[in-house]
Amino acid sequence: MEAAMPTWVDWVPWVPNLATTFTSLHVAPTSGLRISNLDWIDDIAQFARSGRVQAAVIATVLLWSARDALVGRRASATHQPKAPKIRLPYEICAQLSRAAALTILVAAAHRAPDRWVDVPPLALAFILGLSRLAGHARWRRLALHKVNFLLSSSLITLMAANILPLLKLDRDEELDTAESAAVGAVAASVLVALVTPRSWVPPDIPKMEGYEPLEPTPSPEETCSWFVRFLSYEFLTPMLRIGWRRPVEMQDLPPLPWYDDPVVLLGQVLRARKRYKTTFWTVVGFQSHQITKMLFWITLSFSVELVAPYALYQLLQYISNPEEAALRPGLWIFLLFAGPMGRSVSFQQYIFYSTRLLVRGRSGLTQELYHRAMVSMELEGDVINAIATRGQKQEQDTTTTSAGRLANLMANDIDTVLKLRDALIPGVGVPVGILLTTIGLYRMTGWPGIVGIVFLLSAAPIPAYLGKLMTVAQRKVKLAQDSRISLITEYLGSIKAIKYFAWEDSIIETIQRSRAKEQAQLWYLSVVSTVISTASGVIPLGTLLLIYGLYTGVLGQPLTASVAFTTLSLISTVRRNLHMLNWLIRMCVNAAVSLDRLDRFFASTEPLIRFPEGPLRLQNATFRRSKSAAFRLKDISVDFVEGGLNVLVGQSGSGKTSLLLGILGELVLEDGLVTSPGDLAFASQTPWLQNETIRENILFHAPLEQARYDRVIEGCCFAQDLDELQRGDQTEIGENGTILSGGQKSRVALARALYSKSPVLLLDDIFSALDAKTAAAVWEFCFCSDMLKGRTIILVTQVPWMASQADLVVTMEEGSVQSVERNLGVVRKPVTTAPAQSQTDTNGGNTDQPVDNKLPSPKSKLDDISDEMEGTARGGRLTVLRYMRYFGGAPFRVFILVWTFFENSLGIALSFWLTIWVGAYEKPGPVSLLYFAGGYAVIMVTDSLVGAVQYLAFSRGAWLAAQKLHKDLLRGVLYAPLPWWKNIPVGRVVNRFSRDISSLDSLTGELAYLVVDGIVRILFRVGAISSILPIFMLPILLSIAVGILCGEMYTRTAVVLKRLSSSSHSPVFSQFGDTMSGLTVIRARGDMPKIFCNHLAKRFRPLSRTQEATFNLNRWVSVRIDFITAMVSVCAGIIAVTRAKVLGAGLVGFSLTNVAGLSSAILMLVRYLNDLEIEFQGFLRVEEYMTIEPEEKPSEVPGAFSDHNGLPEVDHLPVGWPRTGAVEFRNVTVRYDVDGQDILKDISLTFEAGERVAVIGRTGSGKSTLVLSLLRFTEIVSGQIFYDGVDITTIPRHKLRQALTIIPQEAVLFNGTLQSNLDPTDTVPTAILERALESCHGIASFHYRNDSAEITPAATPEEETVAAPTERTPLLAAQPQPASSGTGTATPVAVPDTSSALSLSTPVKAKGENFSHGQRQVLSLCRALIRRSKLMLLDEATASMDYETDRGVQAVLRHQLTNQEQEEEGGRVLLTIAHRLRTIVDYDKVVVMGGGRVVEVGAPGELYAQGGQFYEMVRHSGEGGELAALLGGQGSGTSTEVGSE
């Protein structure tokens, strides 16, 4: 006889005193797992009555109380919180229930003296409960914990002594009334304790320096009862009720607990980082308590999940042979409920803490990244590239800026690292589950079970190896996604330039090429994933076949239902666990890459340089952008005049802006000494503004001082601008000042600097975007008054007369100070004695983009979150059908559905074949192992292959859908009209291309597959079960109904929460991106970084709030559906027991297995349906932007038809149009919106072919509107505009824009090469490109090198020791070259073949960051020359250039116009908007605009002689004497401007 062997009870290590009971469970391969001795039940009952447990409980409570008393004395000295208010109804119920339980127990003890041992714990609980009423806050909380511990212990001992013995079938006696009453009373007390809300004590929160103090309030999560907190999550039900009636809003969500506040988390992360250094240990350190709880709950979850298979085994044993049963079947039915519910509760608690770690980690680490970026210098380029390409080839099609890399670390790498939190599931829970499963299989089948597990584990590396391939593919997908998103972000950020040049089709083609590479990797990923899934499915099924074969063929044991179906359940568990291990491997690899990227970022950043405080002075200072940068400022020594005006002058690229950055500490100080005040105000050359109101931008988080504010508004000439804006200074200006003109943006940036109380103001070329009159007015009100008294001003300017009035003039050349000139005793005077502002002119308009200040400003948004949510509506469950329309043709969709039915029928057939195999042993005669095992193998392999084809078909459909949706989305946004972009932040659009498209690439298609497959699976399982147990349809239908109700309640709220969460991301991402763009402005101001960090924390609060509500809502629906499915299992068990004599054990096992599968399928289908509807928000958001009204439809153009892209096309234009650049305006009136006000009024102008025409006037006079009307960015409400004799309203917009060229004020360059920037369409011959570059040679340190010449490869920055690069331009030589001949025409000069000269292959960084501002403009000029358009428009293109560079540009334009007129029939027209009058004094015609009308037209000399508006503008220009001489000398003697003195 075999020795007795321990089984399931052995797995409970907390019962060491019951070693004698192990002999009660006997296992042998011939008998299976069988209970043979129940003496252990009596032993437990006797032990519970002995009094030792009660004594131990009382001793524990007393020791616990003593410890709390000692700790309480120390705690009371530091923090004594206010006592919480007692909830009277609950307290009365609790006191009464404890009193009743004690009374009943005492009464029972009088009848049975052995019951007195149960009285002391309850008496102590009653006394402690009363003592709570008189204690302080801390004692109330601690006493309640002790009371609950005593009540729970008493209930357990009473049930062990009185209920446990009743489980034995051979026990006839019943529980007497007193015992029943005692157990019931104590259970009632425990129940009251479970449902009583917890008291909340205000915490002592450490304060963070620079952050607003936190005022915590209790959240429902902190005050709900233990039952609600761990079992029901009922604190979310009020929100669900609201969501059932209407969409929930932010105020309907539960408040954020104080311990999850972003400021609290940031403090914890910073302390952990200081201690642990690396990111991994930082996360572990600051969330150690959370991880410990996760560890406990996941271990418990994997331990109790085997309760249900064990109960199933015992129930089948009872049905097979009820006469030999020792315990009542009700126990196994109860365990069929308790096992799944125990696992559900423990697993949901694990998920609760896991998702909470995700929210906290994302909040803490993102803020830490933001905080570090705020106080650290910019990373070196090589370090960034090393982080981005680690483990990959260094060659990349695109590169991004450091700001983009930081955003990538925040958006992707932090999430990847935090995904590692779930490593506890496969890392801890899986080994526990596999160990217990192996023991169970061994106890049930003997050594074949061990062989099967060994085979399963040995085959596990196969999916693991395939997982490595998947990891490599995933990396390639990420790189491809980075490339695509970088392109999209860059192009959408320059949408105006794309529309100016009609590049939409070329940009779409470029992005689609990148998308094709990404989708190729995604398809490869789907194929590898299919192979892994198939292998992961076949290996466990093969293991089952091996175990069954060895058990029946070698051991000769019959395959009973209990063995077959329990083994099936256990192997399925192991299969899932091994799948988790493979997932862990892939997750760890990805997380390791992200951890390394984050660690290298934190290790590579250096604190921002803080110079010693003192007067602004530089002594022998040498600066460099980074340690490897080629350009540097050399040996700078300047003692700036304190309290005076200091002016920096020099050619473009000489180092003026770099010197300002060096003063700000943004450059590396290699040598020398710098002293500076701690607080500086910086106005950059390209204004940086926040997406807030005008007032908020000017105040810049400072308190409002009305008098000071009004003075600044007046000084910046902004009063009239505000009057013409409907909401005045409360107008939302959009992303980076979208609705403002270039001049307005510059003046807002200047006003921000002026309003600050910084002692030093650094102003980088603030006058370049202002017209002459506005510049003169600003000069008078700000620089010639006492507004700047006592403040040191460092002004970069190209205006000569301003330098003549400065206290100190520093001339820069090639990174060095060429000269320092002091003007002792200088007195700044206004430019002219005439009034600075004309009463007939309007103020406010624009110099580089359309704006209608008379129109209503964009509506004031309640907040960014609600504004974004307004656009997308709920799609409904049937959205899946709309989504699947993108899968391809109808035959393909039918094939998918038919194949899904086929695959699920094979799954049922596999389980039913096992039932037939089991039933064969119940019949007389031998059983053919080959027949049954072979049939099982055939069905198994067929099922796996069909499943693989099914998954691949769905993946292909989702792949096609994502392809089409991405293309249509791209077309939708690129062809959207410009006014649409005014109210839509670029970050919001990029979010569609990143998060939403990523969802369509992966999760949406996967969920659609799971939903369709789940519906078909439920249909097959219901059919299989109802054919054997028709009565079971009742609980199934009931469970489905309840599940649908819970799911509907959940979905109505979850969908809105998903939208809230997605919308809450945008403000965080927007602030991160905006801040990175304006870091120099922010960091210049003393404590401003802390203010911005505090502002980010405020934006994180709603994000964390929505995320926690979303995650908790998943717990709410999960526990309810788990409860429903557990009840279904109970009903199935009851039905099976009652029908045991009618059905065989095999059919019962088949039914119970399918019941468990059906319960799981219902649960998962409800979850997948809800998750799919939530994910479909991304699909709907994409569709929303796909259907944007395009800028122009074919029906809107007379005689137009649609081309292959759906764009309007015409065939009525003359052949060779346009032949000349002649333009005519006939009584034209223009608006920006059809319903808006007139901007241009009754304009009649004619520009003859070959003319150079200048349009001048005050800011807001209508100059840019005139030019933009030629591009049809406005609405022509009356009159006509003719271009080469053709009415432009009859020409499709894209064709019109292709036929002319504009050079905007702000040059736009894209990541790539010079060739890709000059010709994004890739249609211009190389010779033309080279000729254009040669034409611009010598302008702004611009030197061209022909690629065809044999030269050495470009040297690295470290090797560039010969050439002297210019500011921010390591690729450009700064060797002086003759720029023009005696006639003023640019003359190409041969350049030596040096590594620093330009060629078509010269790389261009994002936004042209490796070129100076002037050099970017020269490249923009080259781009215009290449297009060879008959009509060329210049919109303040040279405003920020020095005079010498401006002269070179104009010379090139004259030369090119003259040459082309000689080469071709007809002539070009050059139309220039200019503030700088020197630029246009030699033009053929000048148009003076004012108030949207033409004030004067004529030759410059004629207009000057007339003494009208043009004459006044010359007088206000500051260089009237020189201009008068150029114009013929008329009136020069009357000029009183300072510049001519």
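Per residue, the convex hull spanned by the alpha carbons of the range 1222-1351 comes to 166 Å³.
If you sort 332, 899, 1217, 281 by accessible surface, 1.4 Å probe, largest first, the order is 281, 899, 1217, 332.
Restricted to Cα atoms, the range 617-713 shows a radius of gyration and a Dmax of 16.5, 48 angstrom. Most tightly packed first, judged by the mean number of other beta-carbon atoms within 10 Å of their residues, the peptides 740-747, 367-374 read 740-747, 367-374. What FRET efficiency comes out for residue 1499 versus residue 1313 if R0 is 41 angstrom and r is the Cβ-Cβ distance? Round to the nearest 0.05. The calculated FRET efficiency here is 0.45.
The radius of gyration of the Cα set in the range 1017-1076, together with its Dmax, comes out at 21.6, 67 angstrom. What translational D, rounded to a whole number of µm²/s, comes out for the range 251-384 from Stokes-Einstein when the hydrodynamic radius is the Kirkwood one over Cα pairs, at 37 °C and 0.692 mPa s? Stokes-Einstein gives a translational diffusion coefficient of 176 µm²/s. Diffusion of the range 1006-1045 by Stokes-Einstein, at 4 °C in a medium of 1.567 mPa s and with Rh set to the Kirkwood radius over alpha-carbon pairs, works out to 118 µm²/s. Ligands, DNA and RNA aside, residue 802 has an accessible area near 0 Å² when probed at 1.4 Å. When the Cα convex hull of the range 794-835 is projected onto planes of every orientation, the mean area is 3.7 nm². Sorting the Cα pairs of the range 224-304 by distance into bins of 10 Å, from 0 upward, gives 15, 27, 30, 24, 4 percent per bin.
For the range 947-1081, the convex hull drawn through the C-alpha positions has a volume of 153 cubic angstrom per residue. Would you mind checking the pairs 419/1098; 789/1407; 634/773 and listing those with alpha carbons more than 29 angstrom apart? Cα-Cα > 29 Å for 789/1407; 634/773; rest within.
Shown are 443, 475, whose ranking by accessible area with a 1.4 Å probe and every protein chain present, most to least, is 475, 443. Modelled spin-label separation between residue 415 and residue 457, with each label point placed 7 Å from Cα along the Cα-to-Cβ direction: 3.7 nm. When the Cα gyration tensor is reduced to axis lengths a ≥ b ≥ c, the ratio a/c is 1.5 or higher for the range 651-696, and with a/b not above b/c it is classed as oblate. For the range 940-984, the Stokes-Einstein estimate of translational diffusion at 37 °C and a viscosity of 0.692 mPa s comes to 246 µm²/s, using the Kirkwood hydrodynamic radius over alpha-carbon pairs. Accessible surface calculations at 1.4 Å, restricted to protein heavy atoms, place the range 646-765 at 28 Å² per residue.
Counting every pair of alpha carbons in the range 915-1001, the share spaced more than 20 Å apart comes to 63 percent.
What distance in nm lies between label points placed 7 Å from Cα along the C-beta direction at residue 60 and residue 620? The answer from the label model is 7.6 nm. When a 1.4 Å probe is rolled over the protein heavy atoms, the share of accessible surface on the range 484-558 that falls to carbon and sulfur comes to 64 percent. The orientation-averaged projection of the convex hull spanning the C-alpha atoms of the range 887-964 amounts to 5.5 square nanometres.
Summing Cβ point charges (Lys, Arg +1; Asp, Glu -1) relative to the Cα centre of the range 195-278 gives a dipole of roughly 400 debye. Can you give the FRET efficiency to the nearest 0.05 for residue 513 and residue 468, using r as the Cβ-Cβ distance and R₀ = 22 Å? Efficiency for this residue pair is about 0.15.
Using the 1.4 Å probe convention, the accessible area of the range 269-374 works out to 35 Å² per residue with neighbouring protein chains retained.
The values are calculated or read from the model by the stated rules, or taken from the named source; none is laboratory data. None of the values given here were measured: they were computed from a predicted structure. For neighbour counting, all protein chains shown are included, and Cβ atoms are generated from backbone atoms with ideal geometry for every residue, glycine included. Heavy atoms of the whole protein, side chains included, go into the accessibility calculation; ligands, DNA and RNA do not. Shrake-Rupley method; radii C 1.70, N 1.55, O 1.52, S 1.80 Å.
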